[in-house]
């Protein structure tokens, strides 16, 4: 029974070492520098068809108005 206990203690020590190395790596690589940016970025509507970046024919300063889809008759 003590062999299993030693194995489990070594295994848990190895997991703790991996966790400490992972946290130190993430701190040094800048993962915690901007905590609010990604949360606000998800609220930005980048796929809005009225944005000037989506319409290449429009001038950069003029707003674009989407045209309604036309119905096809066969």
Worksheet item: Fewest first, what order do 44, 1 take by the number of other Cβ atoms within 10 Å?
Response: 1, 44
Practice prompt. Please work out how much length the chain gains when fully extended from residue 32 to residue 11, using 0.36 nm per residue of separation minus the C-alpha to C-alpha distance, in nm with one decimal.
Written response: 4.7 nm
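Just so you know, all these numbers are worked out from the coordinates, no wet-lab data involved. Everything quoted here is computed from the prediction, not taken from an experiment. Here Cβ is always computed from backbone atoms with ideal geometry, including for glycine, and neighbour counts include all displayed protein chains.
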